[in-house]
Amino acid sequence: MSYHPSLATPSTTPNLWQRLLATDSSLGAPALRLALATVLFPHGAQKALGWFGGHGWSGTMGFLTEQIGMPGPAAAMVILLELLGPVLLMLGLLVRPVALGCLGLMVGAIATVHAPHGFFMNWFGQQQGEGFEYHLLVIGMALALSSLGGGRWSVDGRLANVATLRR
């Protein structure tokens, strides 16, 4: 059984790795991981690889650095988070850091690009840009995963078990 934060006693206080990887055997977390990975990966593939009608690495870097004003290393991290984060979520590896990264990414996207366009996505092409409803869903999923951890079938859960056994 994995360590869960609510089960801690003074004699079983976990180290940093155990707290980071801690999870339980719930099915909610894997469902959230897979759903979030499924919607994030195409966006990352657009940004990094030019798939699905995207602009690829150089086009996205240009947009993020020149139009948004983001520093180059931060722009590269955004692209890598959206491309590699879903892979880590599928595996259930480093779920909490990836989820927190996604949360920050979506708050930043709302603040810098999407807030002026309102709540709704641009389903009918009648507004200048996309609203932020998608981003709020990602934020909600990321908050849940940052609390739950990877859940059943996660690499994090297996690593937490190993870390607990070594104590």
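The values are calculated or read from the model by the stated rules, or taken from the named source; none is laboratory data. It should be emphasised that the depicted structure is a prediction, and the values quoted were computed from it without experimental measurement. Note: ideal-geometry Cβ built from the backbone for every residue, glycine included; neighbour counts use all protein chains shown.
Name every residue in region 88-115 that is over 10 Å from the mean Cα position of the chain (by Cα) and in a helix (DSSP H, G or I), in order of residue number. The answer is Met90, Leu91, Val107, Gly108, Ala109, Ile110, Ala111, Thr112, Val113, His114, Ala115. Might you let me know whether region 13-25 holds any residue that is among the charged types (D, E, K, R), surrounded by fewer than 17 Cβ atoms within 10 Å (Cβ to Cβ) and at pLDDT below 95? Yes, there is a match, as at least one residue in region 13-25 is among the charged types (D, E, K, R), surrounded by fewer than 17 Cβ atoms within 10 Å (Cβ to Cβ) and at pLDDT below 95. Being touching a helix residue (DSSP H, G or I) at 6+ places or on another chain (Cβ under 7 Å) and either outside any helix (DSSP H, G or I) or over 14 Å from Val98 (Cα atoms) (or both): is that true of Pro42 here? So Pro42 fits the description; yes.
For region 133-143, state whether one or more residues are within 24 Å of Ala48 (Cβ to Cβ) and among the hydroxyl-bearing types (Ser, Thr, Tyr). Yes: region 133-143 contains one or more residues that are within 24 Å of Ala48 (Cβ to Cβ) and among the hydroxyl-bearing types (Ser, Thr, Tyr).
Scan region 126-154 residue by residue and report those that are over 14 Å from Leu103 (Cβ atoms), surrounded by fewer than 15 Cβ atoms within 10 Å (Cβ to Cβ), out of contact with any His (no Cβ under 7 Å at 6 or more places or on another chain) and among the polar types (S, T, N, Q). Gln126 - this is the single residue of region 126-154 that is over 14 Å from Leu103 (Cβ atoms), surrounded by fewer than 15 Cβ atoms within 10 Å (Cβ to Cβ), out of contact with any His (no Cβ under 7 Å at 6 or more places or on another chain) and among the polar types (S, T, N, Q). Filtering region 71-88 to residues that are touching a residue at least 40 places away in the same chain (Cβ under 8 Å) and either touching a Phe, Trp or Tyr at 6+ places or on another chain (Cβ under 9 Å) or of a type in the set (Lys, Arg) (or both) leaves Glu82, Leu83, Gly85, Pro86, Val87.
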